[in-house]
1. With the condition kept exactly as written, say whether any residue in segment 68-86 is of a type in the set (V, I, T) and in contact with a Ser or Thr (Cβ under 8 Å, 6 or more places away or on another chain).
2. Filter segment 65-95 down to the residues that are of a type in the set (K, R) and either touching a Cys at 6+ places or on another chain (Cβ under 6 Å) or touching a residue at least 40 places away in the same chain (Cβ under 8 Å) (or both) and list them by number.
3. Does S17 fit the bill of being modelled with pLDDT of 70 or more, out of contact with any Phe, Trp or Tyr (no Cβ under 8 Å at 6 or more places or on another chain) and either closer than 30 Å to Q91 by Cα or surrounded by 11 or more Cβ atoms within 10 Å (Cβ to Cβ) (or both)?
4. Can you tell me which of (1) over 17 Å from the mean Cα position of the chain (by Cα); (2) within 25 Å of S12 (Cβ to Cβ) is the one E71 doesn't meet?
5. Name the single residue, out of those in segment 21-52 being among the basic types (K, R) and assigned to a strand (DSSP E or B), that is nearest to T63 (Cα to Cα).
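The values are calculated or read from the model by the stated rules, or taken from the named source; none is laboratory data. Computed from a prediction, not measured in an experiment: that's the story for all the values here. Cβ sites come from the backbone with ideal geometry, for glycine too, and all protein chains shown count toward neighbours.
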Amino acid sequence: MVATRVDNAQRSPIERSIESHPVKPYDIEVQRLKSMKHDKGMVEINVDALVTTRPLRDDQAGTSCLRLPVEHARTLLILLKQQIAELDKLQPRSRRSGRC
């Protein structure tokens, strides 16, 4: 097995941030979906959200929790499908998702 070194410039800003800062758990409650766009392999979703720190418990891992109403979840699913369809149109047929 050959180990490959990933250059810091190739990592996403989120990956670089996680490496330099310890992860803190949060409760994130989506109040309203505002917009969605994609650029350079990332999908960006703008929301109004209530964010509070989540207390760590001995029996749980330090993970964050995203809560949103079912209506918002359905809307988010539709918007994600639209964004992925747009991304698939930009790729050559041989590289589209779902194809081996």
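1. Yes, the conditions are met somewhere in segment 68-86.
2. The answer is R67, and nothing else.
3. Judged against the criteria, S17 is not a match.
4. Among (1) over 17 Å from the mean Cα position of the chain (by Cα); (2) within 25 Å of S12 (Cβ to Cβ), E71 violates only (2).
5. Ranking the candidates gives R32 first.
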